[in-house]
Amino acid sequence: MSSPTQVLARKWRPRRFSELTGQDHVVRALTNALEQKRLHHAYLFTGTRGIGKTTIARILAKALNCQAGVTSEPCGVCSACIEIDGGRFVDLIEVDAASNTQVEKMRELLENALYAPTVARYKVYIIDEVHMLSKSAFNAMLKTLEEPPEHVKFILATTDPQKIPVTVLSRCLQFNLKQIPFPLIVSHLRHVLEQEHINCDATSLQLLARAAQGSMRDALSILDQAIAFGEGKIEEAGVRDMLGAVDQGYLFDLLEALAQRDGARMLAIADAMETRSLSFDAALQDLATLLHRLTLAQIVPAAIGDDEPERDRIFRLAKTFTPEDIQLFYQIAIHGREDLGRAPDEYAGFTMTLLRMLAFIPEDFLSGGGKAGRDGGTPGFLPTKPGSGKYPSTPRQAQQSDRTEMAEIEKEGNSQEERAARNAANGDSREPTGPVPASLERDPTPVKPSFVQSFSHSWITIVGQLKVSGLTRMLAQYCEVKSSSEDEIEFCVPELHKHLLDKTYQDRLQAAVREYLDKPVRLKFAVGIVNGMSPAEQENREKQEKQSQAIAAIESDPFVRELVENFDAKLIVSSIKPIQ
């Protein structure tokens, strides 16, 4: 156990360059300069709090004054090293610029700099938060910074370099320190706990490291707090209570309820979070983080480590949504957090964000056991009217259904006998006198397709009715029918989307098609060259056609043409969007 009088941030403060974490670029530059004896008279370290600015300054002071000589590896046992570590070295002067801003203080300091060091090789001045000095104080130190005595070294540190005059910046070697990466903080905290003989689970370590926000000093201070909070032991429940962190289980439950379009359950989870007085701002932040993890699981699975808490649940949930869905939810969570301060209260802002996600779920979204606006339809029925389970969910699908059925009529020759047979099946004994639009032919009574040969003509409409979701739906949208028979349908998938041909997705699609056709049909998949007849390609062509029509309409508008001709106006084509 650590001494009760020494906090971890001080006990585990690095004393050598090799012990520093996450600042390799600075360590390398300083080490090379010391080994080659290419020393500068003024150094400036910039960066956020707790990332090692003052620590590096002290190590540099030891490297300059170690009794073993100027070295990149101070011995740590000589009197100079020991006294610098103890903060009592007479020739190391540390100044807090925040409390010594007056020009008189700076002039006194610079006058003392003219005298030779008492016992050291160099007299070292460490000025912390140097940006707090007054303009007069900066002007007073300019001359000394430009032509300092041979025995003086200045080491400046600041969190806000923009406030330092450029005349001072130009006289210093500037090093920009980075925030400590999250994995390095986790690794360092684990090492500290092992040396302190304190047990801690991986989830608690990640919570503590994330709360530090890139600051190693903050991480050690929070770790000290967690040890005190847990009476010498660290457990996830205690860490979450101490940090006010949101239990990830709530967030997973929210996304699962969202996948099932279960608004009541989402509100019940929000109520439970409010009962525990959890921060809804932190909840939205963690929700966005979780959505980011889901995207990584979909696109770069290797980025989710084997030691990741809830790893299996992340991958399982990632299969529930499409990448587009997650991007949408991520943006809603980010904007919801920004709007939280303007909401009537945090609960209203949080639940409104959840309901916005629910409202913006795509119409063709279906999850296991959930409903997405297309349930209630009879399998095998080809819908032709939007608005209910019996009909396509969008006007585009209704129009496509009409076009494909008309093409089928023309392909069959529009013979009187075939049209009579279709009318008889619909309960109409009148003899047709000419081609009848398919949307008017169909009776609202569900009718299963009588054969699978016409499957390719109806595939685009059928895809919208299949009870599939996520990557399985994406596979269906990029499939192009190559051939079909009573018991087998062959699909072709373009090379670009061959990653969708996972056995799991193939089996799900086959089960959905069998349910739709009410036939034990078998699906075959191949990768190859397609003719652009897949649902995704058809939809893309329709979008491009609408876009072209919208641009043509704007360009031909008399008012627009007058602006272009008389005022040399330019039409920004990218800003034109077709009316849906």
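Please report how far the C-alpha centroid of region 7-67 lies from that of region 491-552, rounded to the nearest whole angstrom.
When both Cα centres are located, 59 Å separates them.
Starting with the highest mean, order 232-241, 128-137, 35-44 by the number of other Cβ atoms within 10 Å, averaged over the residues of each peptide.
128-137, 232-241, 35-44
Please work out how much length the chain gains when fully extended from Asp271 to Ala550, using 0.36 nm per residue of separation minus the C-alpha to C-alpha distance, in nm with one decimal.
Net length gain for the segment: 95.8 nm.
Return the distance in nm (one decimal) between the two label points of a simple spin-label model at Met533 and His335, each offset 7 Å from Cα along Cα→Cβ.
Result for the modelled spin labels: 4.0 nm.
Exceeding 32 Å between C-alpha atoms, which entries from my cross-link table qualify? They are Lys11/Lys135; Lys482/Lys543; Lys153/Lys178; Lys543/Lys570; Lys319/Lys519; Lys62/Lys163.
Exceeds cut-off: Lys11/Lys135.
Residue-wise, which Karplus ³J(HN,Hα) couplings in Hz belong to region 212-224, taking 6.51 cos²θ - 1.76 cosθ + 1.60, θ = phi - 60°, and x for glycine or proline?
Computed from phi, the couplings for region 212-224 are 6, 6, x, 9, 5, 5, 4, 4, 5, 5, 5, 4, 4 Hz.
Give the long-range amide H neighbours of Ile127: residues separated by 5 or more places, or on another chain, with amide H under 5 Å away, using H modelled in the peptide plane at 1.01 Å from N.
Residues meeting the amide H criterion: Val95, Ile155, Leu156, Ala157.
Stretch Asp312-Thr203 to full length: gain in nm at 0.36 nm per residue minus the Cα-Cα span?
Value of the extension gain: 37.8 nm.
Only residues of region 299-324 count here: report those whose backbone N is under 17 Å from the spot 7 Å along Cα→Cβ of Asp502, or say none.
299-306, 311-324
Collect residues whose amide H, placed 1.01 Å from N in the peptide plane, falls under 5 Å from the amide H of Val152; neighbours closer than 5 in sequence don't count.
Amide H neighbours of Val152, under 5 Å, 5+ apart: Lys123.
What is the gain in length, in nm to one decimal, between Cys75 and Asp345 on full extension, counting 0.36 nm per residue of separation less the C-alpha to C-alpha distance?
91.4 nm
Could you calculate the FRET efficiency of Thr31 with Asp85 from 1/(1 + (r/R0)^6), where r is the beta carbon distance between them and R0 is 22 Å, rounded to 0.05?
After rounding to 0.05, the efficiency reads 0.70.
Using the per-residue mean of other Cβ atoms lying within 10 Å as a proxy for protection, in what order, highest first, do the peptides 479-488, 556-565, 296-305, 185-194 fall?
185-194, 479-488, 296-305, 556-565
Quote the charge dipole size of region 23-176 about the Cα centre in Debye, to the nearest 20; the model charges only the Cβ of Lys and Arg (+1) and of Asp and Glu (-1).
220 debye
By per-residue mean of other Cβ atoms within 10 Å, what is the highest-first order of 517-527, 172-182?
172-182, 517-527
FYI, it's all coordinate maths here, none of it is from the lab. None of the values given here were measured: they were computed from a predicted structure. For neighbour counting, all protein chains shown are included, and Cβ atoms are generated from backbone atoms with ideal geometry for every residue, glycine included.
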